[in-house]
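Every read-out reported here was derived from the displayed coordinates using simple, explicitly stated rules and does not represent laboratory data. Keep in mind the model is a prediction, meaning the values are calculated, not measured. FYI the Cβ positions are ideal-geometry reconstructions off the backbone, even for glycines, and counts take in every protein chain you see.
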Amino acid sequence: MASNRKVSASTQSSALNAIAFLYRFVLNEKMPDLDDLRRIKRYQTIPVVMSQNEVQSTLDLMSGTTRLMAELIYGTGLRINECMTLRIKDIDFDLRSITVRAAKGNKDRVTVLPEILFPALRNHLIKVAQLHKSETLKGNGFAPMPNALYRKYPAASQSLSWQFVFPSSLVRPWRETGKMARWHASPSTLRRAFKKAATQAKIYKHVGPHTLRHSFASHLLAAGTDIRTIQTLLGHKNIETTMIYTHISPDYKNVSSPLDLMRRK
């Protein structure tokens with residue numbers, strides 16, 4: 001049983017929920033007394049955040065598509081999977097925004113698109129469009145669509161607007177249609193490139209691409225952005241989730257350590 005092993009609080013909770021489901025809906029019996037069970041206490045961790053200098057030095061050691069991915073995550077607060085599954089139609093240069101579809105909690109949200117990325121992103125999309133055009137001329141150029149939308153809009157999956165911003169280098173069979181389709185790039189590609197750059201930059205914190213999302217929120221807060229706006233940009237359901245960043249970036253500008261105040265002899 002989970003309580004007899006060294007497991008996390010979430011693992012123990014999952015095991016207890018499974019047992020409760022078994023008794024309630026399968027066995028139709030009352031759950032046994034668990035008063036003697038020692039519950040593992042959850043503890044709140046503070047996300048790792050990189051300084052702006054650390055972010056810059058890491059990005060400077062990246063190049064090409066993976067650098068654009070990393071810059072987009074830091075500049076928008078996207079989750080890694082949200083970045084990978086972006087479609088061309090969800091980028092709006094005029095409104096300087098990105099629409100995140102079916103994000104965590106199956107909700108859409110809109111976040112800011114950094115103007116500094118406009119040139120690189122436009123050039124990248126031109127290359128994606130060229131690749132798509134060459135494949136379409138061969139009768140391919142399909143991108144998988146969610147929720148069986150391909151049945152309602154059969155031509156949409158072959159349109160440029162539905163193509164992934166960061167397409168995979170390979171095409172694979174689309175089982176539902178029998179066509180060859182191009183999925184999005186693998187998150188592991190970005191993780192490897194980011195880890196290599198962070199190591200070269202001598203970043204000794206435990207960081208990954210998701211750290212850029214935490215850094216996005218922390219740096220916005222430090223710049224004076226209100227917490228409700230940050231909550232909206234991140235897509236957090238509860239403000240309490242966003243409030244964790246107030247513990248990362250406390251206002252210590254007017255606080256001096258007693259060691260600094262001590263007069264050296």
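Structure values in brief
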{"read-out": "Ranking of ASP94, ASP108 by count of other Cβ atoms within 10 Å, fewest first", "value": "ASP94, ASP108"}
{"read-out": "DSSP beta bridges in the chain [antiparallel fraction, %, rounded to 5]", "value": "90"}
{"read-out": "Listed residues VAL207, VAL55, VAL26, most fluctuating in the chain (Gaussian network, C-alpha, under 10 Å)", "value": "VAL26"}
{"read-out": "Estimated FRET transfer efficiency when R0 is 25 angstrom, pair GLU115-ALA222 (beta carbons, to 0.05)", "value": "0.75"}
{"read-out": "Most positive-pole-ward Cα, VAL100, LEU86, HIS236, against dipole of the chain from beta carbon charges", "value": "LEU86"}
{"read-out": "Simple label model, 7 Å out from Cα along Cβ direction - VAL171 to THR11, nm", "value": "4.4"}
{"read-out": "Theoretical FRET efficiency, 1/(1+(r/R0)^6), r = Cβ-Cβ of LYS152 and MET180, R0 30 Å, to 0.05", "value": "0.90"}
{"read-out": "Estimated FRET transfer efficiency when R0 is 35 angstrom, pair ARG101-ALA20 (beta carbons, to 0.05)", "value": "0.55"}
{"read-out": "Cα Rg, Dmax, the stretch 47-251, angstrom units", "value": "17.9, 59"}
{"read-out": "When each of LYS30/LYS237; LYS138/LYS179; LYS152/LYS179; LYS89/LYS196; LYS127/LYS196 is checked by Cα-Cα distance, pairs over 24 Å", "value": "LYS30/LYS237; LYS89/LYS196; LYS127/LYS196"}
{"read-out": "At least 24 Å along the helix axis (C-alpha) and Kyte average at least -1.0, DSSP helices within the chain", "value": "118-137"}
{"read-out": "GNM flexibility winner over the chain from SER168, SER215, SER188 (Cα, springs under 10 Å)", "value": "SER188"}
{"read-out": "Residue order, fewest to most surrounding Cβ atoms within 10 angstrom, among GLU240, GLU71, GLU176, GLU82", "value": "GLU240, GLU176, GLU71, GLU82"}
{"read-out": "Average projected area [Cα convex hull, the stretch 59-118], square nanometres", "value": "4.0"}
{"read-out": "Summed residue charge, Cβ within 15 Å of LYS107's Cβ, Lys/Arg positive, Asp/Glu negative", "value": "+2"}
{"read-out": "Cα-projected label distance for ILE46 with ASP260, points at 7 Å along beta-carbon direction, nm", "value": "1.6"}
